[in-house]
Structures are given as C-alpha cells and as structure tokens.
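Worksheet: one structure, shown below.
The values are calculated or read from the model by the stated rules, or taken from the named source; none is laboratory data. Remember, it's a predicted structure, so these values are computed and weren't measured experimentally. Methodologically, a virtual Cβ is constructed for each residue, glycine included, from the backbone with ideal geometry; neighbour enumeration extends over all protein chains shown. Heavy atoms of the whole protein, side chains included, go into the accessibility calculation; ligands, DNA and RNA do not. Shrake-Rupley method; radii C 1.70, N 1.55, O 1.52, S 1.80 Å.
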Amino acid sequence: MGIRSLAAELLPSALQGLGRITHAPALDATPAANVTTFAALSEKLGYLSKADQRQVREAFKFADQAHLGQTRHSGEPYITHPLAVAGLVADWRLDVQAVMAALMHDAMEDCNVDKPQIVERLGAPTADLVDGLTKLDKLQFNTREENQAESFRKMLLAMARDVRVILVKLADRLHNMRTMGAMPPDKRHRIARETLEIYAPIAHRLGLNQTFLELQELSFEHLYPWRHAVLGKALGRARGTRRNIVERVQREVERAFATQKIRIRISGREKTIYSIYRKMREKHAGFAEVSDLFGFRIVVPSLPECYLALGVLHQLYKPVPGRFKDYIAIPKANGYQSLHTTLVSPLGTSVEFQLRTEAMHAVAEKGIAAHWLYKSGDKGREGKEGKGSRTADPQQMGALWLQSLVDIQDETRDAAEFLEHVKIDLYADAVYVFTPKSKILALPRGATPVDFAYAIHSDVGDHTVAAKINGESVALRTELHSGDVVEVITAPGARPNPAWLGSVRTGRARSKIRHYLKNMEQDESHAMGEKMLTQALRAEGLKMPSIDPADTDAASLWQQLTRWSGNRHRGDLMIDIGLGRKIAVIVAKRLAQLMRERGSRPDAVTLTLGRYAIDDAVPTQSVVFVDGTEGASVQLAPCCRPIPGDAIVGYLGRGEGLVVHTAECRTGRRLHERDSERWMKVEWAEELTRSFETGVMALVRNTKGALAQVASAIAAAEADIRHLDMGTETGLETAELRLLLSVRDRLHLADVLRALRRNPAVLRVWRIKP
C-alpha cells in the first residue's frame with residue numbers, strides 16, 4: 001500500500017461520508033510511484049502556503065545546481081533522488097524546512113556545499129536539519145564500523161533534538177531501498193542488512209508502520225532474493241485459493257455490522273513475505289502451516305464503538321482463547337492503539353481482526369509523522385470521537401524514547417557502545433507492568449526488576465537491593481511478564497552490581513550501570529593513586545604540591561608533569577597510578593626533579609617519615625589496609641583467596657589496580673620474581689566490614705544424605721556456601737566436593753574445618769591453596 005494522505009479521513013465531512021461499509025485498497029496494492037520531477041513534487045505541496053512553495057522551489061534550484069552532472073548507479077540524474085525523498089516527506093505533510101532539507105540532504109556530503117551556504121540561502125533551521133543528516137566522512141576513523149557507529153550517533157542525537165531529522169532520513173533510506181537494483185551485490189547486501197538492523201526498527205519505534213513494513217520487505221528481498229521469490233509465488237497461489245474464504249468472511253462481517261447499525265470501514269490485510277518468513281523460522285513450520293496469512297482491519301468512528309464492534313465479531317465467530325489484546329487501554333511504546341482478536345472462520349481457519357478509530361489508524365500508519373499530517377483535523381477528530389477518547393500521542397511517545405537517547409549518550413562516550421544500547425531498545429517487544437501505585441510502564445520482553453528500577457529513576461536503580469513481583473520476593477534477575485505488579489526495595493548504601501549487566505535488557509539500565517561502575521572505579525583508583533604518590537614523594541623528602549587552581553606555580557608544575565606522563569590532566573595521572581598503569585616511584589622522582597628545579601629542597605622530617613614509617617623492603621610505597629570495602633582498585637586474588645589472618649602482599653598490576661595475594665601464593669611468588677618493583681605492603685585492618693571467600697575441598701562418602709550433612713555442618717559453624725562443584729564422575733564410593741565458603745577469618749575457617757572433620761560423612765577436608 002502506497003504512502004497516502006489520510007487527513008481527510010479525520011475531518012468531520014469525511015466521517016459523515018464514511019457510510020455503513022467502506023472498502024480500503026486491495027490486498028496487493030503497490031507503493032506509489034516515486035517523484036522524479038519538480039512538477040510532480042509541486043502537486044504534493046498544496047498544503048503549504050505560496051511563500052513556502054517558493055522557498056521549496058529555491059531549495060530545488062540550489063540542489064539541482066549542486067548535483068549538476070552527477071548520476072546514480074542506474075544512470076538517472078542524481079537530482080531525481082532528492083526529489084523523490086522530498087515527495088515522501090511531502091506525503092507525510094512535514095513543514096517547509098523538512099521538505100527543503102530533503103532536497104538538500106546529500107549536498108553537504110557529496111557536493112562540497114558547506115553549512116554557512118545553506119544558512120545564507122535557506123535559513124539556519126534547514127541547515128541544522130541537513131547537518132544532522134550528513135555522515136562524518138570528513139573525519140578519519142580506524143574502521144568502517146567505527147565510522148558507521150559515529151555517524152549513527154550523530155544522526156540519532158540530532159534526531160533527539162529534532163525528530164524531522166530521522167523522518168527525512170527514513171524517507172531517504174526508503175527511496176534508496178526501492179531503487180537499489182543497479183548497485184553491486186556486496187553493497188546491496190550491506191545496505192539491506194543495515195536497514196533491517198537499524199532503520200526499520202527505528203521506523204517501528206516511532207510508529208511509522210507502513211514505512212517499517214516496506215523497509216523490512218525490501219531488505220529481505222535484497223538479502224535473500226531466492227527465498228523472497230519462492231515465498232512470493234507461494235503467497236500468490238494462496239491468495240488465489242483463499243480468495244473465496246476472504247470474500248465470504250468479509251460479506252458475513254459486513255452483514256453483521258449492518259444489522260447492528262454500526263458504521264465501519266473494513267479492509268483486507270495480508271501478511272508481508274518477510275513476516276511469513278520470520279514466522280516459519282520461529283515456529284520451524286512450512287508455508288502451508290502458517291494459517292493467518294490474511295486478516296481484516298475495521299475502522300469505526302469512535303472509541304466506544306471499538307468495543308461494540310468487538311462484541312459483534314465475537315457473536316459472529318468464536319474467538320481463539322488467549323489471542324485477544326487490548327492495545328487501546330494499554331498502548332504500545334510507540335503510541336499504537338487497537339483491539340486485536342483472532343477468530344475461527346466458518347472453514348476452521350484462524351483470522352485476525354484489528355479494530356480502531358480513525359485517529360488510532362492515523363497513528364498506526366504514520367506514527368510520529370501524524371503530528372504534522374493530521375494536526376489540521378484535530379478539532380473535527382476530537383468532536384467526533386468524543387471526550388472519552390484516549391488516543392495515544394505518538395509525539396509524546398516518541399519524545400520519551402528520543403530523550404532516553406540523550407540520557408544514554410550522557411553516560412556513553414564510546415560510539416559502538418552507544419549503538420549497542422540503542423539496538424537493544426529498538427529490537428524489544430514490550431511487556432506492560434505496573435508500579436504499586438498502578439502506573440503502567442512498558443519494558444522490553446525479558447526485562448528484569450533492575451530494568452524496572454532504572455525506568456523509574458536512575459537513583460532507584462543504583463540503590464536497588466531486592467524486588468517483589470505480585471507481592472512475592474523474587475531474585476533481581478527474574479523476568480517480568482505483562483500484568484505484573486513490581487515493587488523495588490532500595491537501601492541508601494547499596495550500589496549497582498556488575499553481574500546485573502548479564503541480565504538487564506534496556507539500554508538505559510545498561511548504560512547507567514556501566515556509567516556508575518566506571519565512575520566508581522575511577523574514584524577509588526584516584527584516591528589510591530593520590531595516597532601512593534604522596535608516600536612515594538615523601539620518600540624523596542617532599543610534600544605534594546598544592547592542587548588549588550589559584551596557585552599558578554603549582555598548576556604549572558602539574559601541567560609539566562602531565563605533559564611528561566602523557567595524561568590529559570592531574571586526575572587521569574592519579575587514576576593511572578592507582579590502576580598500576582604508572583609506577584608511583586618513577587612519577588615521584590620526576591615530580592621531585594621538577595620541584596627541585598623550582599627551588600624546593602628535601603625536608604628532614606618528611607624524609608624521616610618516608611624512610612621509617614614503612615617497611616625497608618618497599619621504601620617508597622605506603623601500607624594499604626584491607627577491610628572489605630575494596631572496590632575496583634583493590635582486589636583479592638582468586639588464585640589464593642586470602643582471608644583475614646593470612647600474611648598478605650600486594651601486587652600493583654598493569655591496569656588491574658592492587659591485587660592482594662597470600663604471602664605463600666605460588667602465583668604471587670612468580671610475579672614477584674618477574675616484577676619485584678610493583679609489590680607493596682598490605683595489611684588487614686583491625687575492623688573488617690564483611691566476610692571473605694575461600695576455597696575448601698572435602699572428600700566424602702558417596703552415600704545418601706552426605707551432601708545434606710556437609711551443608712548442615714557448615715551452617716552450624718555459621719559459614720555460608722557460595723558455590724559447590726561435585727565434578728562429573730558418578731558411581732564411585734567417594735566424591736570430592738569443591739566448596740567456596742564465606743568466612744570471617746582464619747579462626748572461623750578453622751572452626752568450620754573442625755566441624756566438617758567431626759562429621760561421619762566426611763573422610764578428609766582441607767583448604768585449597770595454589
């Protein structure tokens with residue numbers, strides 16, 4: 001079905017002429033012809049004022065001049081492409097600036113026209129739109145993927161500021177897909193894949209259903225031409241064999257509504273070839289097993305009549321249980337509203353019906369573009385549909401998603417990561433859940449309570465500790481389903497868990513978690529770097545220079561040091577020291593040299609503190625106390641799993657922060673032999689804040705109830721089992737249990753081991769050491 005104006009359908013006169021039964025275009029309607037001349041474009045611009053039409057003519061002259069001599073792959077003059085894009089934009093009745101931007105959208109990229117020239121001739125708003133549509137080809141990138149990701153980020157963020165950017169881009173992509181036959185196969189394949197993965201989902205997310213379906217269909221045709229041709233022929237045969245069924249169902253439906261004196265407009269609807277292909281793949285079914293190839297759409301004058309029409313249909317045919325969906329009461333995330341019901345036809349086949357009002361139909365077909373297309377008919381529509389109409393506002397729905405792009409961008413500086421987050425949001429089917437106060441939230445299918453928490457507010461997500469679904473406590477990784485009432489429990493001291501990244505589904509939650517963890521790692525590493533450099537500089541008999549911006553001498557000193565180290569600023573240098581990317585001793589010696597050049601002299605007291613406050617073996621490093629609050633900058637080595645009471649040492653890994661090993665750890669000893677200058681003294685703090693994990697191996701009798709006895713003994717000793725591995729061997733008299741236990745310290749571990757040794761099921765038990 002081609003893109004056509006439905007504005008008249010929303011006006012009172014159109015509704016009066018609706019009649020009892022009106023037929024929509026046939027099932028096999030083809031897209032409207034592309035605009036190739038300015039005269040054809042002018043015929044579509046009747047909704048613009050004469051002054052605006054003159055501006056469009058000026059933009060056409062500018063574009064024609066810029067593209068003079070250029071041709072497309074098909075051999076046609078290049079100007080036919082901007083004209084066709086402007087024609088699609090005009091079909092959506094976008095304003096004059098959008099039409100001019102459509103005509104000029106390739107001028108900056110391909111014709112060396114710069115933004116000031118467009119500002120001068122067509123105005124700043126049009127120039128901003130064109131700039132948002134222009135790829136970043138002038139910059140140098142390492143790979144095509146990096147270039148593509150940065151260009152997408154630029155376009156999507158421009159779209160967040162002005163949605164007309166993406167509407168023009170979608171029109172551009174739609175015409176390119178329609179006319180891609182002359183391109184080389186590899187380029188066709190790449191563009192079709194990009195369209196299927198990015199542009200079609202964006203069209204769907206913004207409610208542009210007709211554009212979405214056509215982009216999907218064209219992408220499938222270019223990616224898999226043979227499959228598309230085979231399914232197209234099968235669908236053509238099915239259309240002929242099932243025409244009698246369709247015509248019979250339509251006659252019976254028309255008769256039923258005429259009897260009830262309900263005015264409707266009914267149209268047949270055929271599944272696209274791509275949607276049939278997807279269904280066959282998802283259900284591992286053949287073409288003959290796909291029953292709902294055809295359906296019907298019923299448009300009624302007002303919202304209450306949607307539900308009356310539903311009752312008429314359910315009296316006429318039996319509904320299929322579980323196949324009714326009310327998207328009017330709970331609209332989709334893109335603003336789509338309709339009643340969906342699947343009925344059993346007289347011949348036993350399933351037939352889907354969609355029921356909606358004219359305004360809902362406008363949103364369903366044009367989505368966010370309906371804001372421009374139908375605003376002239378608002379009064380007529382409101383008067384006819386009644387005050388009780390709850391038609392979703394696609395502009396508002398789209399704005400919420402567009403704002404989420406800005407939020408994600410604020411926390412994601414890497415273009416590829418940004419694109420990953422956007423794709424997650426684009427592909428998602430929605431589930432609809434409720435807050436305890438009955439507010440409805442739409443989340444992607446597979447979303448968890450953590451996604452729900454971040455959808456409420458980032459502070460709620462950051463401090464989430466538990467959740468309840470329908471009043472029952474659940475794990476934070478539990479999948480949400482439509483209709484669930486979700487309650488999130490928070491705690492002031494809680495913070496995001498890195499493991500959440502493996503279960504969350506929304507781009508917003510993923511970017512917020514990554515942003516928090518990245519900031520937390522930097523804060524901790526910064527503090528560690530400050531401490532280490534202070535101690536290393538003290539060993540040189542000097543104190544840290546001031547960090548007060550008003551102290552120009554100190555600021556100049558830090559600038560010299562960061563220039564030498566290759567860091568952008570002082571904070572980056574401290575983070576690098578804290579993460580072990582730079583050695584505090586070396587940095588301190590360079591800083592001491594710069595300070596001496598400026599007249600600073602070692603202080604005897606400071607030098608004494610530096611020499612005698614810490615161990616002689618590590619004269620330039622401070623003592624780090626481990627109390628259990630460590631984050632990314634201090635980690636306990638997984639090879640030896642130290643616990644309080646163990647003798648410990650610290651290894652400053654390159655980019656890993658400080659890794660704490662037991663003094664007898666073999667891995668630690670090998671690292672010390674290879675890299676001795678990176679070791680520093682660490683000690684357990686007097687007051688510990690948590691329990692610690694360590695590995696234990698138990699050899700037990702392979703008898704009934706042995707595992708329960710082991711677990712009971714550990715629980716009686718007030719320890720927790722964090723992980724249990726029993727191996728894969730079966731049928732033996734004994735079994736080895738590899739346990740990860742959470743204990744307070746070495747004394748507590750000794751109590752646990754004694755309790756296990758007293759258990760008759762345990763033959764031997766020992767702590768795992770590397």
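Couple of notes before you dig in:
- Low-density loop positions, trypsin sites (Lys or Arg not before Pro), the stretch 515-587 - DSSP coil, at most 10 other Cβ in 10 Å: Arg568
- Note on the stretch 519-538 and the stretch 567-583: Cα centroid distance 8 Å, given to the nearest whole angstrom.
- For Ser338, residues with placed amide H under 5 Å, excluding near neighbours: Tyr327, Ile328
- Rg [Å, one decimal], Dmax [Å, integer] - the stretch 32-111, C-alpha atoms: 11.7, 35
- Cα-based shape type of the stretch 727-770, given that a ≥ b ≥ c are square roots of the gyration tensor eigenvalues and the cut on a/c is 1.5: oblate
- Percent carbon-and-sulfur accessible area, the stretch 210-258, ignoring ligands, DNA and RNA, probe 1.4 Å: 55
- Considered as an equivalent ellipsoid built on the Cα gyration tensor, the stretch 663-736 has semi-axes of 35, 20, 8 Å, the largest given first.
- Cβ charges +1 (Lys, Arg) and -1 (Asp, Glu), total dipole of the stretch 433-510, debye: 180
- Environment charge at Gln709 (Cβ cut-off 12 Å; Lys +1, Arg +1, Asp -1, Glu -1): +3
- Most to least accessible of Cys306, Cys111, Cys639 (protein chains only, probe 1.4 Å): Cys639, Cys111, Cys306
- Calculated SAXS-style log₁₀ I(q)/I(0) at q = 0.11, 0.15, 0.18 Å⁻¹ - the stretch 438-585, Debye, Cα scatterers: -0.59, -0.77, -0.94
- If the chain linking Leu747 and Lys704 were pulled fully straight, counting 0.36 nm for each residue of separation and taking away their Cα-Cα distance, it would gain 12.4 nm.
- Each peptide in 504-515, 748-759, 123-134, 98-109 gets a packing score, the mean of other Cβ atoms within 10 Å over its residues, and the list from highest to lowest is 98-109, 504-515, 123-134, 748-759.
- Summing Lys and Arg as +1 and Asp and Glu as -1 over all other residues whose Cβ lies under 11 Å from the Cβ of Ala719 gives a net charge of -2.
- Size descriptors for the stretch 31-72, from the alpha-carbon set: Rg then Dmax equal 11.8, 32 Å.
- Backbone N under 19 Å from the Arg767 label point (7 Å along Cα→Cβ), restricted to the stretch 698-728: 698-699, 714-715, 717-723
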